[in-house]
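Values quoted throughout were computed directly from the atomic coordinates according to the rules given, and no laboratory measurement underlies them. No experiment lies behind these values; they were computed from the predicted model shown. Heads up, the Cβs are rebuilt from the backbone with ideal geometry, glycines too, and the neighbour counts pull from every protein chain shown.
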Amino acid sequence: AMFNISRPEGNRSYWIYYPVNITARFILLNLHCMGCTCESWKYGSRLIDYALEYRFIMFTPCGVENALYMKSWNAGSCCHATSAVNDTEFIQAMLKDPRWNLPDWAPVYAVGYSNGAMLAETLMCHNIVSRVVSIAGVLVLERKTAAFRACDAIFNSTDDKRIAHIHGTEDDYVPWGGAWVYPFPPVRASMARWANRMGCDKTFNRTNRFEGRFKYLDWHCPWSRNVSLVRVEGGQHKYYQRRNLDVASYAMRFLTAENP
């Protein structure tokens, strides 16, 4: 069902899927891309298909229109209409909506695509979510690599935090190597910085799977923390649904896997 809350920028909307016959293990934020809509993304991400199996409550918040008339998020330096829209505070207010009476101890995770992935990483910096799967986005808290320092300053590295990032090397919208025109830092450097924030080693395991097209980099992290990068060789700006990489299924496994 869809609900509204009042915010300084006006009424904001979100969808919630709250299975009544389960005891939820966590709350999941389902964050759409720029130009997507919450109405289509609540099903389009396919995460809702896993709600009963993995026992979670799912929020699909709705972005607001930017100058291109596309629904978008303010993740810092991309991709919002105006800085008057504070999506970090909107997400916090949504989670505190008294209609749901969500317990403070309930873990909050996020899966985001494109601009939604940028917001997911921003929410991780602000310690609003503790686990993230970021697909075809990057950290944009400030412009380019200034985003790294901005996140360093506010992120609390605690146990049970983890982040995975899935990105194609031929992404034309959020380039793997960063972009001069847009405020995007390089993806690999951004993930190395996440590893640093979480106290992981600079070393990692590299696994080539599926004819070498998918490269999995897993940093060596303290127990209960996890930083992982899936590099898709030749991959475009996509939310992958392939036999050998379905990002929805991968995201659920990554978020809920037992600590080693």
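Observations, loosely collected:
- Cα convex hull volume per residue for segment 72-180 (Å³): 111
- Residue 258-residue 202 FRET efficiency (beta carbon distance; Förster radius 25 Å; 0.05 resolution): 0.45
- Mean residue ellipticity (222 nm) of the chain, computed from DSSP H runs ≥ 4 via -39,500 (n - 2.57), nearest 500: -6500 deg cm²/dmol
- Enclosing the Cα atoms of segment 10-81 in their convex hull gives a volume equal to 96 cubic angstrom per residue.
- At q = 0.18, 0.19, 0.23, 0.24 Å⁻¹, base-10 log of I(q)/I(0) for segment 133-221 (Debye sum, equal scatterers on each alpha carbon): -0.85, -0.94, -1.26, -1.33
- Given +1 at the Cβ of Lys and Arg, -1 at the Cβ of Asp and Glu and no other charges, the dipole of segment 2-256 around its Cα centre is 480 debye to the nearest 20.
- Straight-distance crosslink candidates among lysines, where the alpha carbon sits under 17 Å from residue 96 and sequence neighbours closer than 8 are dropped: none
- With contacts taken as Cα pairs under 8 Å and at least 6 residues apart, segment 2-256 reaches a relative contact order of 15 percent.
- With contacts taken as Cα pairs under 8 Å and at least 6 residues apart, segment 1-121 reaches a relative contact order of 31 percent.
- Hydrodynamic analysis of segment 1-140 uses the Kirkwood radius over alpha carbon pairs. Inserted into Stokes-Einstein at 4 °C and 1.567 mPa s, it gives a translational diffusion coefficient of 87 µm²/s.
- Among the listed pairs 42/71; 202/238; 144/202; 71/161; 42/144; 71/215, those beyond 26 Å (Cα-Cα): 202/238; 71/161; 42/144; 71/215
- Net charge of the neighbourhood of residue 12, taken over other residues with C-beta under 12 Å away and scored Lys/Arg +1, Asp/Glu -1, is -2.
- Counting charges near residue 35 (Lys, Arg +1; Asp, Glu -1) among other residues having Cβ under 12 Å from its Cβ returns a value of 0.
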